[in-house]
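Contents: one structure, followed by commentary.
The values are calculated or read from the model by the stated rules, or taken from the named source; none is laboratory data. Given the structure is predicted, the values throughout are model-derived calculations rather than measurements. A quick note on method: Cβ atoms are made from the backbone with ideal geometry, for glycine too, and the neighbour counts reach across all protein chains shown. These area figures cover heavy atoms from the full protein model, side chains too; ligands, DNA and RNA do not enter into them. Shrake-Rupley method; radii C 1.70, N 1.55, O 1.52, S 1.80 Å.
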Amino acid sequence: MDNLRGALLMVISMASFALEDMFIKLMRETLSAGQIFIFIGLGGAAAFSILIISRGEAPIDRSLSDRLVLLRTIFELISSTGFVVALAFVPISLMTTIIQANPVLVTLGAALFFGEVVGRRRWTAILLGLLGVLIVLRPWETTFDNAALLVILGVIFQAGRDLVTRRIKSKVGSLQLSVFTLLAFVPFGAMLMVAQQTPPVMPNKETIIYILAAIAVSLPAFYCIVAAMRIGEISFVAPFRYTRIVFGLLIGTMIFSEKLDGIMLFGAALIVGSGFYTIIREAQLRQRPSHPPRTNV
């Protein structure tokens with residue numbers, strides 16, 4: 001029963017993340033990336049702070065002074081910049097699909113930087129996942145948009161963020177970490193506006209609704225993914241993160257009239273399949289701590 005509850009929470013989280021991407025893409029029609037960072041940072045930090053205070057905790061504490069927290073925040077800022085800027089130019093279905101390569105890139109990073117043993121099967125999964133990204137991007141075609149490289153930048157630093165998060169001490173609360181990152185969005189957004197020479201714009205009523213909606217869905221997105229991983233078994237719950245690609249493709253086709261073709265769906269299948277195997281295999285290895293990792297997994 002716990003596994004089913006965890007799976008349901010994961011699906012709710014992925015649907016919320018997909019909706020947040022949709023609202024940000026809609027905001028990009030009238031707002032600069034820097035201004036979106038400021039609005040999301042202020043609103044999100046306020047919302048999460050209220051949630052933390054309601055639990056009798058402090059939104060900011062000394063545990064956040066860890067250097068790894070700062071490094072994680074930098075990675076998050078670079079990753080989010082890639083995604084937010086790209087959303088003005090690339091289909092949301094493409095971005096959602098490429099983001100699914102995150103587990104594969106995390107495994108690759110763990111092998112390259114942390115010396116984690118990765119056997120033949122997982123290396124094969126990594127290569128298939130990267131091949132899937134290449135197929136989805138199709139850089140050899142004349143219709144290739146260089147803005148898609150911003151999505152690649154985003155998912156690389158997103159994986160880096162997740163790797164650093166693994167090294168942060170457990171005493172650092174997840175909610176406090178989110179508040180710290182969201183607060184960093186505000187000055188970063190202001191600097192981005194200066195760098196891009198984009199003056200602030202007063203959002204219209206429609207854009208204000210998008211801003212509030214993006215902040216509103218970010219709460220269940222984060223809360224449900226944390227709760228899902230705590231309630232159910234990781235090997236059962238984690239693969240449901242790939243439901244995000246379903247929601248992303250539905251939003252892309254129904255809201256933004258994006259077109260999907262067989263090549264993109266084939267590439268998406270490679271990305272999802274390789275990531276699915278990676279998640280399952282790593283969960284299995286974590287459940288056998290008394291046995292050394294085999295070199296052929």
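Annotations
- Nonpolar atom fraction for region 1-123, defined as the carbon and sulfur part of the 1.4 Å probe accessible area, stands at 67 percent.
- Residue-wise HN-Hα couplings along region 76-93, as the Karplus relation 6.51 cos²θ - 1.76 cosθ + 1.60 with θ = phi - 60° gives them from phi, are 4, 5, 5, 4, 5, 4, x, 5, 5, 5, 5, 4, 6, 10, 10, x, 5, 5 Hz; Gly and Pro carry x.
- Largest-first principal axis extents of the Cα set of region 60-123 (Å): 42, 37, 15
- Counting only the Cα atoms, the chain fills a convex hull of 147 Å³ per residue.
- Neighbour count of at most 11 Cβ within 10 Å plus DSSP loop: longest chymotrypsin sites (Phe, Trp or Tyr not before Pro)-free window in the chain: 141-297
- For Glu116, residues with placed amide H under 5 Å, excluding near neighbours: Ala111
- Here's the picture: charge each Lys and Arg Cβ at +1 and each Asp and Glu Cβ at -1 in region 61-214, and of Gly129, Thr198, Ile78 the one pushed furthest to the positive end of that dipole is Gly129.
- Accessible area of the chain divided out per residue, in Å², using a probe of 1.4 angstrom: 49 Å²
- Region 194-199 - phi-based ³J(HN,Hα) in whole Hz, Karplus 6.51/-1.76/1.60, Gly and Pro as x: 5, 4, 8, 6, 10, x
- Here is the list for region 1-93: trypsin sites (Lys or Arg not before Pro) lying in DSSP coil, each with at most 13 other C-beta atoms within 10 angstrom of its C-beta, are Arg55.
- Phi to ³J(HN,Hα) by Karplus 6.51 cos²θ - 1.76 cosθ + 1.60 over region 118-127, Hz, x for Gly, Pro: 10, x, 4, 5, 6, 5, 5, 4, 4, 5
- Under-5 Å amide H pairs with Glu258, H placed in peptide plane, nonlocal only: Thr253
- Taking the three principal axes of the alpha carbon atoms in region 23-82, the coordinate ranges are 39, 27, 13 Å, sorted in descending order.
- Rounded to the nearest 500, the helix-only mean residue ellipticity at 222 nm of the chain stands at -25000 deg cm²/dmol, with each DSSP H run of n ≥ 4 adding -39,500 (n - 2.57).
- Where the Cα pairs of region 134-241 fall when distances are cut into 10 Å bins, in %: 10, 25, 36, 25, 5, 0
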